[in-house]
Amino acid sequence: MKRLDQLDYCHTYADLGASLSSRVNPTPLDDPYLIHANHRLAKTLGIDIESVGDEILTQLLSGQGILDSWSPIAMKYTGHQFGQYNPDLGDGRGLLLTEFVDDKGEKWDFHLKGSGQTPYSRGADGRAVIRSSVREYLISAAMDGLGIPTTCALALSGAKTPIQREEIESAATLLRIAPSHVRFGHFEYLFYSGQPAELKALADYIIHWHMPDLEDSHDKYAAFFQEVTKRTASMIAHWQAYGFCHGVMNTDNMSILGLTFDYGPFAFLDTYLSKHICNHSDYSGRYAFHQQPGIGQWNLSALGYALSSLIDSKQIETSLQGYAPQIQAQYRRLMRARFGLQSKHENDPELINSCLELMEKLGLDFHYTLRVLSETSPNDWAETTLDSTLNKPEFITWLAGYKKRVLLDYSNDQERQTLMQRVNPKYILRTHLAQEAIEQVENGEFDILETWLKVLANPFVEHACPSHWSLPPRNDQKGICLSCSS
């Protein structure tokens, strides 16, 4: 374990050149205070965060001080937002504080969100608020606990600085951790601004640091795009299998490493709604839940076009053609596991899809339904014994077919239950629960975040926490639509 001042810091991204970033120091916040530090994450990174002390950590998070070895920058990128190219983008409220290489030789970014204005703020204040920062702090842990590729959050601070959003809110900063913050939009920026040498250098940079196995490939740039396609397909397959709706799948919000990040108006499904829209600014439903796989391909096409100076068009098309089969295979694998289907049967996709259709028709909760099936034996799947929320004639009819199917894989039903419980969370970060946590933090109840992080680190087992965390929302708690404001 190393103290913050002992880490092996570097500035590899800044070394790519001034066209990709601007040197900016954080703007200090007034009367800052530490809300929470993720000690589990720090330990996995080999960081002794406790030795820093709350006071110094708060100063680092609030912009009141930075280490001498840090050299903060704001990244420049562009992107397609709701299908339209926007050249005027970049880190408008966040800074890449520094990078460090851990003892395994892996490189990590320290990125401070809510750090103040940058050249790319477009007139905005460059700040984040407690509401959105708590949501990102928790969702990062939730996604990681579910095994979904994501950025992580190391620490969270607040301040008395007032911030104008829909109403006056309190300022916050979030220290985000990721191997890289390079987005599809970085490559789009270099392509559309006519910087082919810099674009090639950026591709070389990502390959060197994050895909070193590709360096000796016959055509490493084609292999690079194929790898990005594969990672993106895997990420979105996980989203679909776990009912995660991102809400703002612009190309500037797409990680080149296939990590979920730029958490805004995200939501996990409660009732299974295939066309759920979680962003109230998405008037056309472009980023609705069922659209996410297709939007992933659209975004990859935009990236492929930006890489056209490095990769032959036929190779780009070949990779894009492989996307749909990859996402389908990954999704089916994940869903078969969630339904406890070990062997492959021809009718399995139909069995799963018919259940999802029934969930939507009958208003059943996506996660709770699967968790109930993982905690009960087929002998309990009858009208007289079934959980009351699932006790619907059509669903009981479906259960009869499902019972026959699982009996083909298991002679001991306890084995099925055990396997299903490992992949069907008992706890999910539902929108109303995140809002409840926000209100508690705003009231100074910071310890609730420690409880949540323990739960989200392994959401598949029982925890000592409020009982309603494992239950579906009441009708008046459903359907909360969120904005991009943070």
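Every number here is computed from the coordinates shown, using simple stated rules; none is lab data. Just so we're clear, the structure is a prediction, and the values are computed from it rather than from any experiment. Here the Cβ is made from the backbone with ideal geometry for all residues, glycine too, and neighbour counts use every protein chain on show.
Sorting the segments 131-140, 407-416, 85-94 by their mean number of nearby beta carbons within 10 angstrom, highest to lowest, gives 131-140, 85-94, 407-416. Rounded to the nearest 500, the helix-only mean residue ellipticity at 222 nm of the chain stands at -12500 deg cm²/dmol, with each DSSP H run of n ≥ 4 adding -39,500 (n - 2.57).
Compute the helix-to-body angle for 220-241: its Cα long axis versus the longest principal axis of the chain, expressed 0 to 90° and rounded to tens. So the inclination is approximately 50 degrees.
For LEU190, LEU67, which order do you get if you count the other beta carbons within 10 Å of each Cβ and list the fewest first? Walk me through the numbers on the way to the answer.
Numbers: LEU190 26, LEU67 15.
Listed from fewest to most nearby Cβ atoms, that is LEU67, LEU190.
Distances between placed amide hydrogens fall under 5 Å for VAL129 paired with ALA172, all partners being 5 or more residues away or on another chain.
Pairs to check: LYS230/LYS478; LYS113/LYS275; LYS107/LYS314; LYS76/LYS107; LYS113/LYS454. Give those whose C-alpha atoms are more than 29 Å from each other in this structure. In this structure, LYS230/LYS478; LYS113/LYS275; LYS107/LYS314 lie more than 29 Å apart at Cα. Using Cα positions and a limit of under 20 Å, work out the aspartates and glutamates in reach of LYS220, with same-chain residues fewer than 8 apart set aside. Within the straight-line limit of under 20 Å, LYS220 reaches these aspartates and glutamates: GLU188, GLU198, ASP204, ASP312, GLU317. The residues LYS314, LYS230, when put in order of fewest to most other Cβ atoms within 10 Å, stand as LYS314, LYS230.
Straight-line cross-link partners of LYS344 among the aspartates and glutamates, defined as a Cα under 12 Å from its Cα and at least 8 positions apart when in the same chain: ASP409.
Taking the chain as the reference, fit the longest principal axis to its C-alpha atoms, fit the long axis of helix 196-210 to the helix C-alpha atoms, and give the angle between the two in degrees, 0 to 90, nearest 10. Helix 196-210 sits at roughly 60 degrees to that axis. To the nearest 10 degrees, how steeply does helix 366-375 sit against the main Cα axis of the chain, on a 0 to 90 scale? Its long axis makes an angle of about 60 degrees.
Could you work out the relative contact order of the chain, using alpha carbon pairs under 8 angstrom and six or more residues apart, expressed as a whole percent? Could you put the intermediate results ahead of the total?
Working: 864 pairs, mean separation 73.5, N = 486.
It rounds to 15 percent for the chain.
Per-residue 3J(HN,Hα) values for segment 86-99, derived from phi via the Karplus relation 6.51 cos²θ - 1.76 cosθ + 1.60 with θ = phi - 60°, read 10, x, 9, 10, x, 5, x, 8, x, 9, 7, 5, 5, 10 Hz in sequence order (x marks Gly and Pro).
Legend: ranking of residues TYR242, TYR192 from fewest to most surrounding C-beta atoms inside 10 Å; resulting order TYR192, TYR242.
Normalised by 2.2 N^0.38 Å, where N counts its residues, the alpha-carbon radius of gyration of the chain equals 1.00. For segment 158-248, GluC sites (Glu not before Pro) meeting the loop criterion (DSSP other than H, G, I, E, B) and having at most 16 other Cβ atoms within 10 Å: GLU166, GLU167, GLU215.
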